[in-house]
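Worksheet for the structure shown next.
Nothing in this text is a laboratory measurement; each read-out follows from the coordinates by a stated rule. Since we're looking at a predicted model, the values are computed, not measured. A quick note on method: Cβ atoms are made from the backbone with ideal geometry, for glycine too, and the neighbour counts reach across all protein chains shown.
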Amino acid sequence: ASVALDLVEQRYGPLNARPALLLGTGAYAGAVAADLLGRGAQVSVHSASGRAAAFARTHQIDAVDSAELTAEFGRAALVVSCSGQGGRTLTAHQLAASRSFQQAVLPIVDLAVSRDIDPLLSFLYPVEVIDLDEIGRHAPGAQNLLPVINVVKERVERADTLFDAARQAAPFAGRNDP
């Protein structure tokens, strides 16, 4: 999460005194909340499972219930989603109801492997979705892996070309022409 928050601060400025909305209350959300608080952000949390109030008390942040969620999306300078529930924690409908197109770009960090945030939101609204793929590209040591990644990509492409050629030749293999 710290790499993602570093990216946000590089692109949009310090998080100090800025409202950040955390979506999710699991163990990883606790680490994210601590990192946000360490950066001086004004953190609030929402949980579709109803655990936001208890989480907020133990992390000394504000809880957001479902009735307040749309307004909170409109107020947020950053949204971080780490619910990992397999569904979307932020929909186009919610974003449309809460933000005007004149507002500044909203960075949304999606820390869920199953993608909590629809990546298409970046094309529909003034938002930037920062997902695990992008975070991985900026992680310390990622540059050291680029040569390895390039070799693997090259070999996969070569194998794909060979498989395509074999598939095209397959209908003719074993035929006895008169």
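Things worth noting here:
- All Cα-Cα distances of the stretch 1-117, cut into 5 Å bins from zero to the largest, leave 2, 12, 25, 26, 22, 10, 2, 0 percent in each bin in turn.
- Annotation: amide H of Leu106 within the under-5 Å range of Val127, Glu128, sequence separation 5 or more or interchain, hydrogens built in the peptide plane.
- Sorted peptide list for 32-38, 91-97, 130-136, criterion being average Cβ within 10 angstrom, highest first: 32-38, 130-136, 91-97
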